[in-house]
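Colleague: Pasting a structure below so you can have a look.
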Amino acid sequence: MKVFLDTNVWLSATVFAGLCEAILTESAQRAWLVTTRLVQQEAHEVLGRKFAHLPQAQVLFDAVWVEAACVPDVDEPADDNDARLVQAALNAGVAVFVTGDRRVSDWGARGSMQILSPRDAWMQLFAQSRMD
């Protein structure tokens, strides 16, 4: 199984306790995480701009991010990083792309890759194993 978290899911998991953190933790423990350098670049920019008061957040982000399989970025469309991330995940054979962005969620499945909200991803990937 391969799981790709969009940048905002990574950021939420890094800065706040909750569902995104649980998805990140469970995916990392199973070695399912796939990412790109674009995610890291976007995360560093946002952490520096919005969470400068939490300098440990970037250290935490990087500590987990390096554990993910890093796949090649996609350069086009240059004006839509969301589309670039989805295409990079699709190229890498990812099964589930997790995003909190409604615009991206509304794109639906791309080939065999599902695009799911964090809640739906949790239910599909981990909820059943928690019940067993």
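Colleague: Can you tell me which residues in the stretch 1-22 are surrounded by 19 or more Cβ atoms within 10 Å (Cβ to Cβ), not hydrophobic (A, V, I, L, M, F, W, C) and not in a loop (DSSP other than H, G, I, E, B)?
Modeller: Thr7, Asn8, Ser12, Thr14
Colleague: Right, here's the next one. Quick check on this structure: which one of Ala28, Ala43 is buried (at least 18 other Cβ atoms within 10 Å of the Cβ), at pLDDT 95 or above and either of a type in the set (Asp, Glu) or over 10 Å from the mean Cα position of the chain (by Cα) (or both)?
Modeller: Sole residue among the options that is buried (at least 18 other Cβ atoms within 10 Å of the Cβ), at pLDDT 95 or above and either of a type in the set (Asp, Glu) or over 10 Å from the mean Cα position of the chain (by Cα) (or both): Ala43.
Colleague: So Thr25 ticks every box in (1) part of a helix (DSSP H, G or I); (2) touching a Cys at 6+ places or on another chain (Cβ under 9 Å) but one. Which box is left unticked?
Modeller: Of the numbered conditions (1) part of a helix (DSSP H, G or I); (2) touching a Cys at 6+ places or on another chain (Cβ under 9 Å), the odd one out for Thr25 is (2).
Colleague: I've got another one for you. Which residue pairs have Cβ atoms closer than 6 Å, lie 6 or more positions apart in sequence or on different chains, and pair a first residue in the stretch 111-132 that is more than 21 Å from Val86 (Cβ to Cβ) and modelled with pLDDT under 95 with a second residue that is assigned to a helix (DSSP H, G or I) and of a type outside the set (Phe, Trp, Tyr)?
Modeller: So the pair list comes out as Phe126/Glu26.
Colleague: Of everything in the stretch 98-127, what is of a type outside the set (S, T, N, Q) and in contact with a Ser or Thr (Cβ under 7 Å, 6 or more places away or on another chain)? Give them in sequence order.
Modeller: Gly100, Ile115
Colleague: Leu11 - would you say it is closer than 14 Å to Ala121 by Cα, without any contact (Cβ under 8 Å) to a residue 60 or more places away in the chain and not β-branched (Val, Ile, Thr)?
Modeller: No: the conditions fail for Leu11.
Colleague: Return yes or no: is Met113 more than 13 Å from the chain's Cα centre (by Cα), crowded, with 18+ Cβ neighbours inside 10 Å and not small (Gly, Ala, Ser)?
Modeller: Yes.
Colleague: Cβ-Cβ below 7 Å, separation at least six or inter-chain, first residue in the stretch 43-67 and more than 16 Å from Phe16 (Cβ to Cβ) and in contact (Cβ under 8 Å) with a residue 12 or more places away in the chain, second hydroxyl-bearing (Ser, Thr, Tyr) and surrounded by 10 or more Cβ atoms within 10 Å (Cβ to Cβ): which pairs?
Modeller: From residues that are more than 16 Å from Phe16 (Cβ to Cβ) and in contact (Cβ under 8 Å) with a residue 12 or more places away in the chain, the pairs are Trp65/Thr35.
Colleague: Name the single residue, out of those in the stretch 68-80 being of a type outside the set (A, V, I, L, M) and touching a residue at least 12 places away in the same chain (Cβ under 8 Å), that is nearest to Leu125 (Cα to Cα).
Modeller: Going through the qualifying residues, I end up with Cys70.
The values are calculated or read from the model by the stated rules, or taken from the named source; none is laboratory data. All values reported here derive from a predicted model rather than from experimental measurement. Because the Cβ atoms are built from the backbone with ideal geometry, glycine has one as well, and the counts that use them run over all protein chains shown.
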